[in-house]
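A.B. asks: My questions will all concern the structure given below.
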Amino acid sequence: MRTPLIALLSGVLASLLFAGTANAGPTEQVRPVPKGKTALVANPIYKSGKLEPDPCPEQPAYDNDLESAEAYLNAVLDCLNEGWGYQFSKTELPFSKPRFSTTSRLGVPTGCGKFPRGAQAVYCPANKKITFYLSKEILSQASELFLFQVLAHEYGHHVQQLSGIWRAMSSVKYKSNKEALAAIRKVELQAECLSGVFIGSVWRSLGRRESDFRYVMNAAYSTASHGKAANIAYWLTRGFRQEAPGACNTFSAPKSRVS
């Protein structure tokens, strides 16, 4: 019997979330990146339709094997770049690939400070970099879908950055910690949904069982790091089933779904 991984599926602390943003990069911009409320509730990425179902066959990842886990993640990253790059071309928004590195220890620089304790992976908007902590806990279940889902979640933050969502959220002056935390939940739940969108789009090529996805989803009830467990599972499943970023507009969702 498998025991759910008791760790953050992915983590971006408030200090990282609102640490600042970077320019879009050298990619030619066909249309301006939306700002303010438009970026949050009427973003072009929501209207881009389903992700193309390009195959993404998984590389072998062996439990407790660092080298195979690193190779696995780099292969998944290639798929993410391919899928989301094409999606951005449909929106005519600029696209650039994120930087990526893995680490087997805490405290390494991320571009937004040192890698924090309690996180599995972080995305830094300042340098558009994903840093993935290959801890003993996640390596012990490397053959499960955790590596895939965590990386897809962090890539969701990259999607938010490129589409103007992150900039819009970080520019708001929050009146209280409670208000800021509510905003962070919307960002994190949306990234969870976007991870589900990508997993759903490539699911047929993974050769996985439905129980593999349910196993990752059920882990939300053990971690609940980005909101209520039921809501984490709701957004992850919603993205998985619809395979389109339009399913992930947490900024127009009822409060009960983003708590």
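The values are calculated or read from the model by the stated rules, or taken from the named source; none is laboratory data. From a predicted model like this one, the values you see are computed outputs, not experimental measurements. Every residue, glycine among them, receives a Cβ derived from its backbone with ideal geometry; neighbour counts consider all protein chains shown.
A.B. asks: Of everything in the range 229-259 that's touching a Lys or Arg at 6+ places or on another chain (Cβ under 9 Å) and in a loop (DSSP other than H, G, I, E, B), which residue is modelled with the lowest pLDDT?
C.D. replies: SER259
A.B. asks: Within the range 86-109, restricting attention to residues that are β-branched (Val, Ile, Thr) and part of a strand (DSSP E or B), which residue is farthest from TYR72 (Cα to Cα)? First the steps, then the outcome.
C.D. replies: To start, the set of residues in the range 86-109 that are β-branched (Val, Ile, Thr) comprises 91, 102-103, 108.
Still in the list and also part of a strand (DSSP E or B): 102-103.
Working: THR102: 12, THR103: 14 Å.
In this case the residue turns out to be THR103.
A.B. asks: If ARG31 satisfies all but one of (1) surrounded by 13 or more Cβ atoms within 10 Å (Cβ to Cβ); (2) in contact with a Leu (Cβ under 9 Å, 6 or more places away or on another chain); (3) modelled with pLDDT under 95; (4) of a type outside the set (Ser, Thr, Tyr), what's the number of the condition it fails?
C.D. replies: (1)
A.B. asks: So, one more: Among the residues of the range 163-184, which ones are in a helix (DSSP H, G or I) and either out of contact with any helix residue (DSSP H, G or I) (no Cβ under 8 Å at 6 or more places or on another chain) or of a type in the set (Gly, Ala, Ser) (or both)?
C.D. replies: ALA168, SER170, ASN177, LYS178, GLU179, ALA180, ALA182, ALA183
A.B. asks: Can you name the residue in the range 171-200 that is within 19 Å of GLY227 (Cβ to Cβ), of a type in the set (Ser, Thr, Tyr) and over 14 Å from the mean Cα position of the chain (by Cα) and is also surrounded by the fewest Cβ atoms within 10 Å (Cβ to Cβ) among such residues?
C.D. replies: So, considering only residues that are within 19 Å of GLY227 (Cβ to Cβ), of a type in the set (Ser, Thr, Tyr) and over 14 Å from the mean Cα position of the chain (by Cα), the one surrounded by the fewest Cβ atoms within 10 Å (Cβ to Cβ) is SER176.
A.B. asks: Name the single residue, out of those in the range 41-85 being outside any helix (DSSP H, G or I) and free of Cβ contacts under 8 Å to residues at least 60 places away in the same chain, that is surrounded by the fewest Cβ atoms within 10 Å (Cβ to Cβ).
C.D. replies: PRO60
A.B. asks: Residues in the range 102-109: is at least one free of Cβ contacts under 8 Å to residues at least 24 places away in the same chain and among the β-branched types (Val, Ile, Thr)?
C.D. replies: Checked against the condition, which is being free of Cβ contacts under 8 Å to residues at least 24 places away in the same chain and among the β-branched types (Val, Ile, Thr), the range 102-109 yields at least one hit.
A.B. asks: I would also like to ask the following. Of all residues in the range 65-102, how many are over 17 Å from SER140 (Cβ atoms), among the hydroxyl-bearing types (Ser, Thr, Tyr) and out of contact with any Pro (no Cβ under 9 Å at 6 or more places or on another chain)? Spell out how you get there, then give the answer.
C.D. replies: Here is the first cut: in the range 65-102, the residues over 17 Å from SER140 (Cβ atoms) are 71, 74-101.
Cutting the leftovers down to among the hydroxyl-bearing types (Ser, Thr, Tyr) gives us 86, 89, 91, 96, 101.
Now narrow it down to the ones that are out of contact with any Pro (no Cβ under 9 Å at 6 or more places or on another chain): 86, 89, 101.
Qualifying residue count for the region: 3.
A.B. asks: In the range 76-126, how many are farther than 30 Å from LYS47 by Cβ and small (Gly, Ala, Ser)?
C.D. replies: 7
A.B. asks: Taking into account only those residues within the range 61-71 that are of a type outside the set (A, V, I, L, M) and touching a helix residue (DSSP H, G or I) at 6+ places or on another chain (Cβ under 6 Å), which is farthest from ILE199 (Cα to Cα)?
C.D. replies: If we filter the range 61-71 for residues that are of a type outside the set (A, V, I, L, M), which is where we start, we get 62-65, 67-68, 70.
After this cut, where a residue has to be touching a helix residue (DSSP H, G or I) at 6+ places or on another chain (Cβ under 6 Å) as well, the list is 62, 64.
Working: TYR62: 20, ASN64: 23 Å.
Only one residue tops the list, namely ASN64.
A.B. asks: Conditions first: (1) at pLDDT 95 or above; (2) under 19 Å from PRO94 (Cβ atoms); (3) surrounded by 14 or more Cβ atoms within 10 Å (Cβ to Cβ); (4) of a type in the set (Val, Ile, Thr). THR38 passes all but one, so which condition is the exception?
C.D. replies: (3)
A.B. asks: If you check LYS114, LYS97, which single one turns out to be surrounded by fewer than 20 Cβ atoms within 10 Å (Cβ to Cβ), closer than 26 Å to GLY49 by Cβ and either of a type outside the set (Gly, Ala, Ser) or in contact with a helix residue (DSSP H, G or I) (Cβ under 9 Å, 6 or more places away or on another chain) (or both)?
C.D. replies: Selected residue: LYS97, the only one of LYS114, LYS97 that is surrounded by fewer than 20 Cβ atoms within 10 Å (Cβ to Cβ), closer than 26 Å to GLY49 by Cβ and either of a type outside the set (Gly, Ala, Ser) or in contact with a helix residue (DSSP H, G or I) (Cβ under 9 Å, 6 or more places away or on another chain) (or both).
A.B. asks: A further question on this structure: For the range 128-161, what are the residues that are over 15 Å from the mean Cα position of the chain (by Cα) and part of a loop (DSSP other than H, G, I, E, B)?
C.D. replies: Across the range 128-161, the qualifying residues are LEU134, SER135, SER140, GLN141, ALA142, SER143, GLU144.
A.B. asks: Would you mind finding the one in LYS114, LYS90, LYS128, LYS97 that is basic (Lys, Arg) and either touching a strand residue (DSSP E or B) at 6+ places or on another chain (Cβ under 7 Å) or at pLDDT below 95 (or both)? So that I can check it myself, show each step before the final result.
C.D. replies: Details: LYS114 fails: either touching a strand residue (DSSP E or B) at 6+ places or on another chain (Cβ under 7 Å) or at pLDDT below 95 (or both); LYS90 fails: either touching a strand residue (DSSP E or B) at 6+ places or on another chain (Cβ under 7 Å) or at pLDDT below 95 (or both); LYS97 fails: either touching a strand residue (DSSP E or B) at 6+ places or on another chain (Cβ under 7 Å) or at pLDDT below 95 (or both).
Within the list LYS114, LYS90, LYS128, LYS97, the selection yields LYS128.
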